[in-house]
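Contents: one structure, followed by commentary.
The values are calculated or read from the model by the stated rules, or taken from the named source; none is laboratory data. Keep in mind it's a predicted model, so treat the numbers as computed, not measured. Neighbour counts run over all protein chains shown; Cβ positions are idealised from the backbone, glycine included.
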Amino acid sequence: MTRFAETTILLALGIFTLSACGARGGDHERQHWRAPTDKAPSRQFKSVVNTPSEQLGMATPRRNIRGERLRVPCGTCHHLVPAKKLAKANTAAQPRRFHKAQVISHGDLMCQSCHRAPLFNDFRLSSGKVVPYADVMQLCGQCHSRQLKDYRHGAHGGMRGYWDLDRGPRTRNHCLDCHNPHHPAIPKVMPAPLPRNRFQGSEGGKT
């Protein structure tokens, strides 16, 4: 066999080996990144989200037997106001008269951007779809998609209970547990004092 033939055979074997390895590696990579088709395994316990009912309706000075302030549903009064008058008043920068104490600082949104007129007992998406109060987080997620994504991954909002639902249940906070829907920015607060250090006295790290 000539030297040229030997070189040709070795070159062909090398190309074949590399192509075979590349094909197997590609298959393995595709298999690794392919989305799973099986359903998630069922868990013994459930993860529930709070329903912050204290935000629904208008608070009154009266309190119930547990000391909680009683609230009046929006439709109690709004069904008495003509729809034309509501639409005209809704364009004001701040509510007047009965809602005068309610501060609105949520972008350039108006009442009817989120509330469904004329009764205002439920909510509406930008598409016009009606959303009940229990599912109002869908409404928040329309504009705050990044925060909603972090929330779904557990990096925003906080929770109580277990990460592993096989060990115990989990209770997650709702957007309205921390944010007021009419002025959602978290106000400035004084920082907490430094932790006490038993080696450096009670000054929390000062020497």
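Annotations
- Hey, Asn90 at pLDDT below 85, under 28 Å from Leu109 (Cβ atoms), surrounded by 12 or more Cβ atoms within 10 Å (Cβ to Cβ) and within 30 Å of the chain's Cα centre (by Cα) or not: yes
- Test result for Gly161, surrounded by 11 or more Cβ atoms within 10 Å (Cβ to Cβ) and over 30 Å from His106 (Cα atoms): yes
- Test: Lys149 is modelled with pLDDT of 90 or more and of a type outside the set (Phe, Trp, Tyr): yes
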